[in-house]
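Enquirer: Input: one structure, supplied below.
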Amino acid sequence: MGLLNAEEDPNKICTELVFYVNGKKVIESSPDPEWTLLWYLRKKLRLTGTKLGCAEGGCGACTVMVSKYNRQENKIIHLAVNACLAPLCAMHGLAVTTVEGIGSTKTKLHPVQERIAKAHGSQCGFCTPGIVMSMYTLLRSCKNIQYSDLEVAFQGNLCRCTGYRAIIEGYKTFIEDWETQRIVKNGPQNGTCAMGKDCCKNKSDSCEEADSESQYIFDKSSFLPYDSSQEPIFPPELKLSSIYDSQYVIYRGKQTTWYRPTNIETVLSLKDKFPNAKVVVGNSEVGVEVKFKRCVYPIIIMPNCVPELNTITENEHGLTVGASVTLNDIEKTFREYIKKLPPYKTTVLTTIVEMLNWFAGKQIRNVAAIGGNVMTGSPISDLNPILMSLKVKLNLLSQENGHRTVLMDETFFTGYRKNVVKSNEILLSIEIPFSSKFQYLKAIKQAKRREDDISIVTSAVNVEFEENTNVIKYINLAFGGMAPVTKIATNTGNVLKGLKWNENMLEKAYSLLIDELPLDPSAPGGNIQFRRALTMSLFLKSYLAIGKAMSTDYFYGDLIESYYGSGADSFHGNVPKSSQYFELVGEKQLKSDAVGRPIQHMSAYKQATGEAIYCDDMPIAEGELYLAFVLSSKAHAKLISVDAKKALAEPGVIAFYSAKDLTKEQNSIGPIFHDEELFARDKVLSQGQTIGVIVAVDQATAQAAARMVKVEYEEIQPIIVTIEDAIKYNSFYPQFPKTIKRGNVKAVFDDKNNIIIEGQCRMGGQEHFYLETHAAFAIPKKEDDELEIFCSSQHPSEIAKLVSHILHVPMNRIVARVKRMGGGFGGKESRGMLVALPVALAAHKLNRPVRCMLDRDEDMQMTGTRHPFLIKYKAAATKEGKIVGAIVNIYNNGGYSIDLSGPVVERAMFHFENAYYIPNCEVTGYVCRTNLPSNTAFRGFGGPQGMFGAENMVREIAHRLGKSPEEISRLNLYRENNTTHYGQVLTYCTLQRCWDECVQNSNLAERKLKIKEFNKQHRWRKRGISIIPTKFGIAFTEKLLNQAGALVLVYVDGSVLLSHGGTEMGQGLHTKMIQVATRALGIDVSKIHISETSTDKVPNTSATAASAGSDLNGMAVLEACEKIMKRLKPYIDKNPDGKWENWVSAAYVDRVSLSATGFHATPDIGFDFKTTSGKPFNYFTYGVACTEVEIDCLSGDHQVLRTDIVMDLGESLNPAIDIGQIEGGFIQGYGLFTIEELIYSPTGTLYSRGPGAYKIPGFGDIPLEFNVSLLKGAPNPRAVYSSKAVGEPPLFLASSAYFAIHEAIKAARADAGVPLEFDMEAPATSARIRMACEDHITKKLDKPDPNSFVPWNVVP
């Protein structure tokens, strides 16, 4: 009854929301429970520094700091929180700090912002505000920061550009004692001279060998000291008064009512009245369901002000944990108990704390509650197996029946995400027991990525022994990921009781587990054999860990031989070491000349303060509308009908556009061939294809209406998903196959003295995962059909051209503008048209501004990925290992339209030999037509896939001849004046130099011996090392694209506005162009500004792609600047002591033009496939990488121990930016070759639609030691100021990690006595690594007949 009385008494209920943002009080009189904090910050308060990256709490771009006053402890608590999941209603009485609230370029930067910028830790900048806020929150909540605190703080943040090293280096300076340490020289790895910039190392002429290179890519001595006393104060009102904490809050929205009761009675009466109400604490589950599964929950109860649900109390058997206690608070409290209780009592607490480290990211753990974890009942939960192995007591409570206790045992879960708790009951608390003297608990989780990832399989083994023996008194094994619910292996536990903890018991357990945990070959989640193997492997790991612990505690004598012992351990991070070597500019270079200096990215400060504007950050225009997509849900089907009547009847919906609104010709689009439709007309060829668009007053209305459009289909067979399907159905694009031949292949294969190898290799695709999804904003100019379109595109000219085509308006009326992109990587080269064109069409038709930014799941479903490749090869080599011939067939999966798949397979053909001279060859390329979203450009553009084939050939030849792969590689490397298979002569070929320097830097020979020794001593841990060269051709292979323009405007005050055809996506192109201009004009960086890329300044530009942005635009900028200098020469000669401003002023007075255009077309270039003659590339970028890894043979996990890279970048325009590109490219490539896996169903549904299911490398995945060195004394005569392109070449070097894993697996297979040859597709995921390490466990698995079932997923 308390509820009714409370509702009747208006004095006790609060219906307005009060909170603080950056110190300012915000009062929202009618908050909607469906609003997220991020939406409110961006749309209502217009604080756009906080970014939307994924909307599921998986990328950290939206991180803000939420602060509250803890009245029990009398202290302020600061938490990093994902604003994309945080409900606005949960902010009542709290203080929110965003990136704008801690510093700005207009006032003063906070040290957190300054250090990431100066350390070159911000490239595209879209993830930067989130990373800044994670670091800032750590500084505010932790006094003496250790490196381990940094690791934890960044678990929930992703970056796709930098490779993380620069961010870590910048922020390591906040670690305790850094201020004192930096004065003491600490050796070359991390010592910094107290002289800072005046250090002798930084003073040299480039001719002095010893001092002409530097490790110090940024100057730590220039950092502002951090002073915690200068931080903004917590709002005094929130500290002094507890009124907001004690209010009973009710917020009513359109579809949802939000209750925040303050006592348990009210919670129970609400649950009695609304049995289906959702109880929400962190919203990490419900938020995702509402956003992506479109769930609507009419009643939400937030119990975080109810004392009984939010406390941890001690009882005689253990701890009673309130169901609403957050995982972060549990960890903190458990750690306190671990410190004060004897170790044998805290085994359970320690196990839970250890598991929490791998549970989601810090931002989620700060808000998510243990009760939510139990009640959600995810079958792959990280904690539930632990709780079930302990059979913990759960205390339930309801108004009707009062208290009830249930055990979390095999009967608790009744089905997928269902349990025995009644709908009117709430989970009050969980009883976590202390452990006893002879009890051990081991929990292990295996995921795709160690940090912030959902598990594949989690195991928990809870065992108690008879006193002072190894006889099992009781054992309970629980597993997640093996059924629709968390499973207890009851029978296994019963049979093992009374057995001794030894090998016999282990063998018995294996056979029991196989029987008790079967897995259907079609089970959701795939990886069936891996998961079945993991149940046994993880039990073996637990057996080893518990055996080792018993030996130490009481069972003296070694239960576990040291040879097997390391199998018990899991990988953990360490403080990463790194070095960056590059040539310093000499003293003789003018101070104003910025070329060759490691200056920071021009937008770095703005990116670190949230002031940098991206497409969706632009202010709302008057009368603006939002566009949402109606996408195909079938991969191959006829469109019977498309009915938008219901959607158009919704309030706020303005229009629906489809193929009916365009002629067939207007509706045909594409970057090269117009072979795809903007809106599907008669049939759909892929899921995620656009059928139509809804235009409405705001995003929520538009997206809800888009879901109401009824589409009727009639399915068409076959649905072609994989390359193998395409080959089977002969589904290829008509311009292919194409072939390049050289020499006499037949003769070398017929020569009996040669060895012949034959095989194939496969590489998966890769999602671009730029942090900023595709976005566009079109503003009609109200006259002459003029239209301005702001877009997140690498190719604004193409957007303008295609808009012109679909609207039938000349290009001179359409201006496409790009300020910056939050990452591109090729994904925004051609596919931006899918968003920009409908937006332009709607703006043109309605004569109103229209905006759209894709949600992450839409972006991943619509825009295509890197092409999956299948390469079939046959090669001949001499007995010494010299490769003399090869026949190679290359297939790529193009998707439903040709897009750029043709040039992609052509580049793979040009790079099939990587860095090796093969005198006789025949290479043929095919593009497969499939029912997948059209695959597109991605950093490397087919090059890495082609080179992957070469490296596989090298390894097979080495294996056949009994030699090491590096012997074969070194023997076959290209030399100066060799000719490639397409007839291009190599000049200035530095491959051999890069190779020898990398061998020396990496200490390869000595480390190979150490690895051999390590592998001899460890059965379940193996190491491998691999060295890989690369040769990457620089140019667009389509001749006409090798051109660029620039416009230089000099104003009378001496300031210079520079425009060029390239776009800025984080790669530092604008920064480099300004550096080029400083040398050409002889003026300081501060005088030159680049505003944006716009088609009304420089027309007919090529895409910023093919790594050629700096080369092409740099030469155009140089030409324009030289024209200006030529005009200024008379005034400089007349007044040699004058300043730039004087010369400009004098020229203006004399009526001399102070604007100039520049244009550059790459000379002597162009390849003709018909005659297979010509020169496709301007020059080549060379590099070599050596990587060492360690694998866990039981779980399939791995860790990169060290990577050394030597790269020839000519004379770098900006070593800091170039090294950032090398590291970023390497880590992106590392994702491609080891972690990132696209998951498609056999009917073409993409399952990996966000960071939850698709894993890119995180902070914890970078090499523990990461050394990058730029080759010295290798100028490049064919590009601006002797520089070289850097964007794509480093990516393939990451295959060194894949091939090192390959070597480690070979060592494991040698131990197991199985053949050393094995097939492993890339990426080398944990599943593939584990299953390639064949052993006694994998042998126990029966293999189902492939024709007897339909797999859950297929490899495209």
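The values are calculated or read from the model by the stated rules, or taken from the named source; none is laboratory data. All of these numbers come straight from a predicted model, not from anything done at the bench. Here Cβ is always computed from backbone atoms with ideal geometry, including for glycine, and neighbour counts include all displayed protein chains. Keep in mind that these areas ignore ligands, DNA and RNA; they rest on the heavy atoms of the full protein, side chains included. Shrake-Rupley method; radii C 1.70, N 1.55, O 1.52, S 1.80 Å.
Enquirer: Would you tally the residues in segment 699-717 being among the small types (Gly, Ala, Ser) and open to solvent by 70 Å² or more (accessible area, probe 1.4 Å)?
Expert: 1
Enquirer: Being of a type outside the set (Asp, Glu), assigned to a helix (DSSP H, G or I), over 17 Å from Gly371 (Cα atoms) and touching a residue at least 12 places away in the same chain (Cβ under 8 Å) is the requirement here; does Leu238 meet it? Reasoning before the result, please.
Expert: Values: of a type outside the set (Asp, Glu): yes; assigned to a helix (DSSP H, G or I): yes; over 17 Å from Gly371 (Cα atoms): yes; touching a residue at least 12 places away in the same chain (Cβ under 8 Å): yes.
Criteria met by Leu238.
Enquirer: Are any of the residues in segment 337-346 assigned to a loop (DSSP other than H, G, I, E, B) and of a type outside the set (Gly, Ala, Ser)?
Expert: Of segment 337-346, the ones assigned to a loop (DSSP other than H, G, I, E, B) are 341-342.
Those still in the list that are of a type outside the set (Gly, Ala, Ser) too: 341-342.
Yes, segment 337-346 contains at least one residue that is assigned to a loop (DSSP other than H, G, I, E, B) and of a type outside the set (Gly, Ala, Ser).
Enquirer: Considering only residues that are part of a helix (DSSP H, G or I) and not hydroxyl-bearing (Ser, Thr, Tyr), look in segment 1137-1158 and name the one that is farthest from Met1125 (Cα to Cα).
Expert: Ranking the candidates gives Val1149 first.
Enquirer: Related question: So which of Glu308, Glu289 is in contact with a helix residue (DSSP H, G or I) (Cβ under 6 Å, 6 or more places away or on another chain) and either polar (S, T, N, Q) or assigned to a helix (DSSP H, G or I) (or both)?
Expert: Values: Glu289 fails: in contact with a helix residue (DSSP H, G or I) (Cβ under 6 Å, 6 or more places away or on another chain).
None of the other options fit; the residue is Glu308.
Enquirer: Could you say whether any residue in segment 654-669 is surrounded by 16 or more Cβ atoms within 10 Å (Cβ to Cβ), free of Cβ contacts under 8 Å to residues at least 12 places away in the same chain and closer than 30 Å to Gly894 by Cβ?
Expert: Yes.
Enquirer: From the list Ile380, Ile386, Ile444, Ile456, pick out the single residue that is over 23 Å from Gly57 (Cβ atoms) and of a type in the set (A, V, I, L, M).
Expert: One residue alone meets the criteria, Ile444.
Enquirer: Going through segment 20-62 one residue at a time, which ones are of a type in the set (Lys, Arg) and open to solvent by 50 Å² or more (accessible area, probe 1.4 Å)?
Expert: Within segment 20-62, Lys24, Lys25, Lys43, Lys44, Arg46 qualify.
Enquirer: While we're looking at this one, here's another question. Based on this model, can you work out whether Ile1011 counts as touching a strand residue (DSSP E or B) at 6+ places or on another chain (Cβ under 8 Å), hydrophobic (A, V, I, L, M, F, W, C) and more than 23 Å from Gly943 (Cα to Cα)?
Expert: Considered against the rule, which asks whether it is touching a strand residue (DSSP E or B) at 6+ places or on another chain (Cβ under 8 Å), hydrophobic (A, V, I, L, M, F, W, C) and more than 23 Å from Gly943 (Cα to Cα), Ile1011 comes out as yes.
Enquirer: Answer yes if at least one residue in segment 1318-1330 is closer than 14 Å to Leu1194 by Cβ, at pLDDT 95 or above, part of a helix (DSSP H, G or I) and charged (D, E, K, R), and no otherwise.
Expert: Checked against the condition, which is being closer than 14 Å to Leu1194 by Cβ, at pLDDT 95 or above, part of a helix (DSSP H, G or I) and charged (D, E, K, R), segment 1318-1330 yields at least one hit.
Enquirer: Oh, and also: For Val420, indicate whether it is of a type in the set (Val, Ile, Thr) and surrounded by fewer than 24 Cβ atoms within 10 Å (Cβ to Cβ).
Expert: Judged against the criteria, Val420 is a match.
Enquirer: Still on this structure, I have one more. Let me spell it out: the conditions are (1) under 30 Å from His120 (Cα atoms); (2) open to solvent by 10 Å² or more (accessible area, probe 1.4 Å); (3) outside any helix (DSSP H, G or I), and Ala594 meets all of them except one. Which number is the exception?
Expert: Failed condition: (2).
Enquirer: Just the residues that are surrounded by 17 or more Cβ atoms within 10 Å (Cβ to Cβ), of a type outside the set (D, E, K, R) and under 30 Å from Leu1040 (Cα atoms), please, taken from segment 1170-1198.
Expert: Residues satisfying the conditions are Pro1176, Phe1177, Asn1178, Tyr1179, Phe1180, Thr1181, Tyr1182, Gly1183.
Enquirer: If Ser378 meets every condition in (1) open to solvent by less than 10 Å² (accessible area, probe 1.4 Å); (2) assigned to a loop (DSSP other than H, G, I, E, B); (3) small (Gly, Ala, Ser) apart from one, which number is that one?
Expert: Every condition holds for Ser378 apart from (1).
Enquirer: Give the residues of segment 258-284 that are in a loop (DSSP other than H, G, I, E, B) and touching a strand residue (DSSP E or B) at 6+ places or on another chain (Cβ under 9 Å), sorted by residue number.
Expert: Pro261, Thr262, Asn263, Phe274, Asn276, Ala277, Val280, Val281, Gly282, Asn283, Ser284
Enquirer: Considering only residues of segment 252-265 that are surrounded by fewer than 21 Cβ atoms within 10 Å (Cβ to Cβ) and among the hydroxyl-bearing types (Ser, Thr, Tyr), which is nearest to Gly402 (Cα to Cα)?
Expert: Thr262
Enquirer: Would you please name the residue that is nearest to Gly1224 (Cα to Cα), looking only at residues in segment 1046-1065 that are open to solvent by less than 10 Å² (accessible area, probe 1.4 Å) and more than 33 Å from the chain's Cα centre (by Cα)?
Expert: Per the stated criteria, the residue is Ala1046.
Enquirer: While we're on this one: Examine segment 1270-1288 for a residue that is touching a residue at least 60 places away in the same chain (Cβ under 8 Å), out of contact with any Pro (no Cβ under 6 Å at 6 or more places or on another chain), under 20 Å from Leu158 (Cβ atoms) and outside any loop (DSSP other than H, G, I, E, B), and state whether such a residue exists.
Expert: No, segment 1270-1288 contains no residue that is touching a residue at least 60 places away in the same chain (Cβ under 8 Å), out of contact with any Pro (no Cβ under 6 Å at 6 or more places or on another chain), under 20 Å from Leu158 (Cβ atoms) and outside any loop (DSSP other than H, G, I, E, B).
Enquirer: For segment 954-988, give me each residue that is aromatic (Phe, Trp, Tyr), out of contact with any Leu (no Cβ under 6 Å at 6 or more places or on another chain) and surrounded by 18 or more Cβ atoms within 10 Å (Cβ to Cβ).
Expert: Listed by number, the list holds a single entry, Tyr982.
Enquirer: For the list (1) at pLDDT below 95; (2) closer than 30 Å to Thr1078 by Cα, I need the number of the one condition that Ser1173 fails.
Expert: Looking at each condition in turn, Ser1173 falls short on (2).
Enquirer: Follow-up question, since we're still on this one. Which of the residues belonging to segment 925-952 are open to solvent by 10 Å² or more (accessible area, probe 1.4 Å) and outside any loop (DSSP other than H, G, I, E, B)?
Expert: Passing the criteria: Tyr926, Arg929, Asn952.
Enquirer: Let me ask something else. Could you please tell me which pairs satisfy a Cβ distance under 8 Å, a separation of 6+ or placement on different chains, a first residue in segment 143-171 that is among the acidic types (Asp, Glu), and a second residue that is not in a helix (DSSP H, G or I)?
Expert: Asp149/Cys142; Glu151/Gly573; Glu169/Ala119; Glu169/Gly121; Glu169/Phe218; Glu169/Ser578
Enquirer: Okay, moving on. Filter segment 839-860 down to residues that are in contact with a Ser or Thr (Cβ under 9 Å, 6 or more places away or on another chain) and not aliphatic (A, V, I, L, M) and give me whichever is farthest from Thr930 (Cα to Cα).
Expert: Ranking the qualifying residues of segment 839-860, first place goes to Asp855.
Enquirer: Step by step: first the residues of segment 382-404, then only those that are open to solvent by 20 Å² or more (accessible area, probe 1.4 Å), of a type in the set (D, E, K, R) and in a loop (DSSP other than H, G, I, E, B), then the one that is modelled with the lowest pLDDT. Which residue is that?
Expert: So the residue we want is Glu400.
Okay, residues lined up against (1) part of a loop (DSSP other than H, G, I, E, B); (2) among the aliphatic types (A, V, I, L, M); (3) open to solvent by 10 Å² or more (accessible area, probe 1.4 Å); (4) in contact (Cβ under 8 Å) with a residue 40 or more places away in the chain:
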{"position": "Gln1067", "(1), (2), (3), (4)": "yes, no, yes, yes"}
{"position": "Ala1080", "(1), (2), (3), (4)": "no, yes, yes, yes"}
{"position": "Ser1086", "(1), (2), (3), (4)": "no, no, yes, no"}
{"position": "Leu1128", "(1), (2), (3), (4)": "no, yes, no, no"}
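Enquirer: Let me ask another. What residue, among those in segment 159-183 that are surrounded by fewer than 18 Cβ atoms within 10 Å (Cβ to Cβ) and aliphatic (A, V, I, L, M), is modelled with the highest pLDDT?
Expert: That would be Ile175.
Enquirer: Can you tell me which residue among Gly547, Gly525 is touching a Leu at 6+ places or on another chain (Cβ under 8 Å), farther than 30 Å from Asp1084 by Cα and either open to solvent by less than 60 Å² (accessible area, probe 1.4 Å) or not in a loop (DSSP other than H, G, I, E, B) (or both)?
Expert: Sole residue among the options that is touching a Leu at 6+ places or on another chain (Cβ under 8 Å), farther than 30 Å from Asp1084 by Cα and either open to solvent by less than 60 Å² (accessible area, probe 1.4 Å) or not in a loop (DSSP other than H, G, I, E, B) (or both): Gly547.
Enquirer: Restrict the check to segment 1254-1261 and report whether at least one residue is under 23 Å from Ile217 (Cβ atoms), part of a loop (DSSP other than H, G, I, E, B), out of contact with any helix residue (DSSP H, G or I) (no Cβ under 6 Å at 6 or more places or on another chain) and open to solvent by 10 Å² or more (accessible area, probe 1.4 Å).
Expert: So the first thing to find is which residues in segment 1254-1261 are under 23 Å from Ile217 (Cβ atoms), and the list is 1257-1261.
Then keep just the ones that are part of a loop (DSSP other than H, G, I, E, B); that gives 1257-1258.
Checking the rest, the ones that are also out of contact with any helix residue (DSSP H, G or I) (no Cβ under 6 Å at 6 or more places or on another chain) come to 1258.
This time we only want the ones that are open to solvent by 10 Å² or more (accessible area, probe 1.4 Å), so: none.
No, that holds for no residue.
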